[in-house]
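The values are calculated or read from the model by the stated rules, or taken from the named source; none is laboratory data. On a predicted model such as this, the values are computed, not experimentally measured, just so you know. Ideal geometry is used to build each Cβ from the backbone, glycine not excepted, and the neighbour counts take in all protein chains shown. The protein model used for the area step is the full one, side chains on, heavy atoms only, and it has no ligands, DNA or RNA in it. Shrake-Rupley method; radii C 1.70, N 1.55, O 1.52, S 1.80 Å.
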Amino acid sequence: MPDAPNNPSSTPQLCAYCGEAIVRGQGNREHFVPKCLWRRLPRGVATVPVHKSCNDAYSHDADYFRTVMATDPVAMKHPTGLDVAMGPVKSLINNHRGQFLQQAPDLAFRDHFTPAGIYVGKAWSFTIDDDRLLRILRNIVKGMFYKIYGRPLRQDRVINVQKVPGLIGEKEWLDEYSPWAGYGDDVFLTRYNRCENSEDIACFMTFYRARMYFACTRPPEIAAFEAARRA
């Protein structure tokens, strides 16, 4: 994924999350893909300028995001996913049980079925808080937009995110998207489409080659129209 062009020194840096100017001492370059998805960061993991306060507001969501992603059965087949699941996540479960149960309050031993409805036995599971995942996923989209266009996503944009079941396959319209690419390794991979208006983005995102999401940004009037059609 191409890096953003350097901003002129006379232009203040803008926060990739809120879009406001960053006053000296109030910002950092932060990993918009949560760095807790790795135990050891590879070279090339991308950062963008953000306010410290904007980044801190999502720190607890990032830990929750790690727990959900790394404990996915498919993610645990990925070497880094397994490393994180058996390292920091297992340590959280064993040594900070109360903190873990805040992330998984309804943890229980439940029946599990394949997408086709075939029973595969019992396993520990918990209900996923989609709102917490969405906050992180939307920040990732904002970070990607900043890396691609060199400026923050407009604050009036609506970011729609949905989980993609299974593989997306080889569709003709995917020719408009970039090839799959990540930052240093394949823990996070994306294909994105630069929209014609240069104000929006559409992308697929995968984590540990397991969970896949599709995200797109829309002007508020278009998002409202699409929501009304679905209603």
Confirm whether Gly184 is under 26 Å from Ile128 (Cα atoms), modelled with pLDDT under 90 and outside any helix (DSSP H, G or I).
no
Restricting attention to the stretch 29-78, and to residues there that are of a type in the set (Val, Ile, Thr), out of contact with any Lys or Arg (no Cβ under 8 Å at 6 or more places or on another chain) and in a loop (DSSP other than H, G, I, E, B), which single residue is nearest to Phe126 (Cα to Cα)?
Thr71
Unique match (being open to solvent by less than 30 Å² (accessible area, probe 1.4 Å), among the β-branched types (Val, Ile, Thr) and under 19 Å from Asp186 (Cα atoms)) among Val48, Val68
Val68
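With respect to Val164, determine if the residue is touching a Phe, Trp or Tyr at 6+ places or on another chain (Cβ under 9 Å), aliphatic (A, V, I, L, M) and crowded, with 19+ Cβ neighbours inside 10 Å.
Numbers: touching a Phe, Trp or Tyr at 6+ places or on another chain (Cβ under 9 Å): yes; aliphatic (A, V, I, L, M): yes; crowded, with 19+ Cβ neighbours inside 10 Å: no.
When the stated conditions are applied, Val164 does not pass them.
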With the condition kept exactly as written, say whether any residue in the stretch 51-58 is touching a His at 6+ places or on another chain (Cβ under 8 Å) and over 25 Å from Thr206 (Cα atoms).
no
Looking at the stretch 63-73, can you tell me whether even one residue there is modelled with pLDDT of 95 or more, in contact with a Pro (Cβ under 6 Å, 6 or more places away or on another chain) and not basic (Lys, Arg)?
yes
Residue by residue through the stretch 117-129, note down the ones that are open to solvent by 90 Å² or more (accessible area, probe 1.4 Å) and either farther than 21 Å from Phe100 by Cβ or modelled with pLDDT of 95 or more (or both).
Ile118, Tyr119, Val120
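For (1) at pLDDT below 90; (2) under 23 Å from the mean Cα position of the chain (by Cα); (3) not polar (S, T, N, Q), each residue gets a yes or a no:
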site	(1), (2), (3)
Ala85	no, yes, yes
Ala104	no, yes, yes
Leu107	no, no, yes
Arg110	yes, no, yes
Thr114	yes, no, no
Arg132	no, yes, yes
Among the residues of the stretch 93-128, the number that are over 20 Å from Val33 (Cβ atoms) and assigned to a helix (DSSP H, G or I) is 9
Hey, can you tell me all the residues within the stretch 182-197 that are more than 13 Å from the chain's Cα centre (by Cα) and of a type in the set (S, T, N, Q)?
Asn193, Asn197
If Asn139 meets every condition in (1) open to solvent by 40 Å² or more (accessible area, probe 1.4 Å); (2) closer than 22 Å to Asn160 by Cβ; (3) among the polar types (S, T, N, Q) apart from one, which number is that one?
(1)
Determine, yes or no, whether Leu101 is on the phi < 0 side of the Ramachandran plot and open to solvent by less than 60 Å² (accessible area, probe 1.4 Å).
no
So, first residue within 19 Å of Val187 (Cβ to Cβ) and among the aliphatic types (A, V, I, L, M) in the stretch 82-104, second residue outside any helix (DSSP H, G or I) and open to solvent by 40 Å² or more (accessible area, probe 1.4 Å), Cβ within less than 9 Å, six or more apart or across chains; the pairs are Val84/Arg39; Ala85/Thr71; Val89/Thr71
